[in-house]
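Participant: This is the structure I have questions about; it appears just below.
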Amino acid sequence: IRAARRGQVDAGTALGEAEDAAVCAHWLAFIFLNRGDLAVASSWVDRGLELVADREGPERGFLLGAQGMVAMFSGDLDRAELLITEAGRLADQYGDIDLTVLSRLSHGHLLMQQGHAEEGIRLLDSLL
């Protein structure tokens with residue numbers, strides 16, 4: 001899967017399909033986040049953000065949310081909150097349901113890390 005996604009990022013970049021390539025970069029970051037490899041996840045986020053540097057859309061939101069999760073797992077809860085909140089704002093602005101779910105999931109985990117377990121669990125439960 002990772003090799004296929006890497007190929008999609010490269011192909012999307014070569015074809016001028018920056019948004020599609022950025023979403024693939026997000027999913028690669030997501031895979032590495034789930035494996036606990038924050039450095040590689042962060043690298044994919046950075047690559048994706050470079051692809052959409054001049055755009056504001058849901059693709060950017062996916063990447064900011066992943067960047068927020070990297071910050072959270074690295075212990076920078078203030079930065080994580082800013083990034084995850086911005087991802088949620090972009091989800092609302094563009095009406096992207098996948099981004100909405102991921103940003104709320106991230107926000108729920110962040111709330112628990114910030115010591116607001118009940119509020120975080122309620123938010124996570126609302127996604128079920």
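Participant: How many of the residues in the stretch 54-69 are farther than 14 Å from Ala25 by Cα and in contact with a helix residue (DSSP H, G or I) (Cβ under 8 Å, 6 or more places away or on another chain)? Don't jump to the end; show me each part of the working.
Facilitator: Taking the stretch 54-69 as the starting set, the residues that turn out to be farther than 14 Å from Ala25 by Cα are 54-57, 68-69.
Checking which are in contact with a helix residue (DSSP H, G or I) (Cβ under 8 Å, 6 or more places away or on another chain) leaves us with 55-57, 68-69.
Within the stretch 54-69, residues that are farther than 14 Å from Ala25 by Cα and in contact with a helix residue (DSSP H, G or I) (Cβ under 8 Å, 6 or more places away or on another chain) number 5.
Participant: Output the number of residues of the stretch 86-128 satisfying the condition of being surrounded by fewer than 17 Cβ atoms within 10 Å (Cβ to Cβ), among the hydroxyl-bearing types (Ser, Thr, Tyr) and within 16 Å of the chain's Cα centre (by Cα).
Facilitator: 1
Participant: What is the number of the single condition among (1) in contact with a Lys or Arg (Cβ under 6 Å, 6 or more places away or on another chain); (2) open to solvent by 20 Å² or more (accessible area, probe 1.4 Å) that Ala71 does not meet?
Facilitator: (2)
Participant: For residues in the stretch 35-60 being closer than 19 Å to Ala91 by Cα and of a type in the set (D, E, K, R), which is surrounded by the most Cβ atoms within 10 Å (Cβ to Cβ)?
Facilitator: Glu59
Participant: Right, next: Would it be correct to say that Leu51 is modelled with pLDDT of 95 or more and of a type in the set (A, V, I, L, M)?
Facilitator: Values: modelled with pLDDT of 95 or more: no; of a type in the set (A, V, I, L, M): yes.
Here the answer is no, as Leu51 does not meet what is asked.
The values are calculated or read from the model by the stated rules, or taken from the named source; none is laboratory data. Being a predicted model, the structure only gives us computed values, none of them experimental. Note that we place each Cβ from the backbone using ideal geometry, even for glycine, and neighbour counts take in every protein chain shown. Heads up: the accessible areas ignore ligands, DNA and RNA and are worked out on the full protein's heavy atoms, side chains in. Shrake-Rupley method; radii C 1.70, N 1.55, O 1.52, S 1.80 Å.
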